[in-house]
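Following: one structure in structure tokens, then a few remarks.
The values are calculated or read from the model by the stated rules, or taken from the named source; none is laboratory data. Bear in mind that the values here come from a model prediction, so they are computed numbers and not experimental data. We place every Cβ from the backbone using ideal geometry, glycine too, and count neighbours over all the protein chains shown. Accessible surface is based on the protein model in full, side chains and every heavy atom, while ligands, DNA and RNA are left aside. Shrake-Rupley method; radii C 1.70, N 1.55, O 1.52, S 1.80 Å.
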Amino acid sequence: MTDRVDVDAYLQQLLQPQAFKDYGPNGLQVEGRREVRRVASGVTASLDFIDAAIAAGADTLLVHHGLFWRGQDGRLTGWLKARVARLLAHELNLFAYHLPLDAHPELGNNAQLGRRLGLTPDARFGDQDLGFIGPAPAELQSLQALAQLLRQQLGRDALAVPGDGRPLRRVAWCTGGAQGWFEAAIAAGADAFLTGEISEPQAHLARETGVAFLACGHHATERYGAPAVGEALASHFGLAHGFIDIGNPA
Ligand SMILES: [Zn+2]
């Protein structure tokens, strides 16, 4: 058992949220009980995730996508009221870390996804250095091989737009909704860019620049940071921890 205040301090120290300009508040978003025993990590603080965490006996939730985002009008109504009501009724702590959880060099979404694909970054690119880029191992330097590995590791097919067929010597990646960074990845020297989502312009850019684009799923690419941080937190304080994956086709 440990104190919520110590969990808060540990996560702030580990993830350094003050170093980021983010779209919502990082850290403790909803305050629950003081004693922390069991942590549930997940991608998004959806109602299904909150209910599954309650069923698992968790008192503290750690997610990548929290409840509060820039652009919301601040009203606690409808679905947002339902989520907050559930958290408060069960006195659950909700910790949410967005960009800091993408960026952490060992435990973050990008680092953890890279590890699963055998990609080691040797540089960073894009806004706030969130993008990762590095050399691809020889056996991964074709679009077919990369797509096959992604299917194995993520359990779903990537939507791939081929480039000009060049060997994929350097692969750039950024988890989640980073399709808007394709040009930054190209400028950083990528032969292929891998992210969660695709929008209409990226298909044309791939065809016209020769750089392959792979959309691998927002959820699927962001499934690894929260459990890695949850595990580090749990082992630091001797807590119980489990990752709860609520499937998402997006
Ligand atoms: Zn995301």
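Solvent-accessible surface of the chain, averaged per residue with a 1.4 angstrom probe and all protein chains in place: 44 square angstrom.
Relative intensity of the stretch 99-138 on a log10 scale, I(q)/I(0) at q = 0.24, 0.26, 0.35 Å⁻¹, equals -0.73, -0.84, -1.26, per a Debye sum over C-alpha point scatterers of equal strength in the absence of solvent.
Taking only alpha carbon atoms, the stretch 106-250 gives an Rg to Rh ratio of 0.99, where Rh is the Kirkwood radius.
Let me check I've understood the local charge: for Arg33, count other residues with C-beta under 12 angstrom from its C-beta, Lys and Arg +1, Asp and Glu -1. What total comes out? Write down the numbers at each step before the final one.
Values: positive: Arg4, Arg34, Arg37, Arg38; negative: Asp3, Glu31, Glu35, Asp59, Glu91.
Summing Lys and Arg as +1 and Asp and Glu as -1 gives -1.
Listed highest first by mean packing, meaning other Cβ atoms within 10 Å per residue, what order do 232-239, 101-108, 59-66 come in?
Put in order of decreasing packing, that is 59-66, 101-108, 232-239.
With the convex hull of the Cα atoms taken as the outline of the stretch 169-250, the averaged projected area works out to 6.6 nm².
Can you divide the C-alpha Rg of the chain by 2.2 N^0.38 Å and report the result to two decimal places?
Values: Rg = 18.7 Å, N = 250, 2.2 N^0.38 = 17.9 Å.
Expressed relative to 2.2 N^0.38 Å, the Cα Rg reads 1.04.
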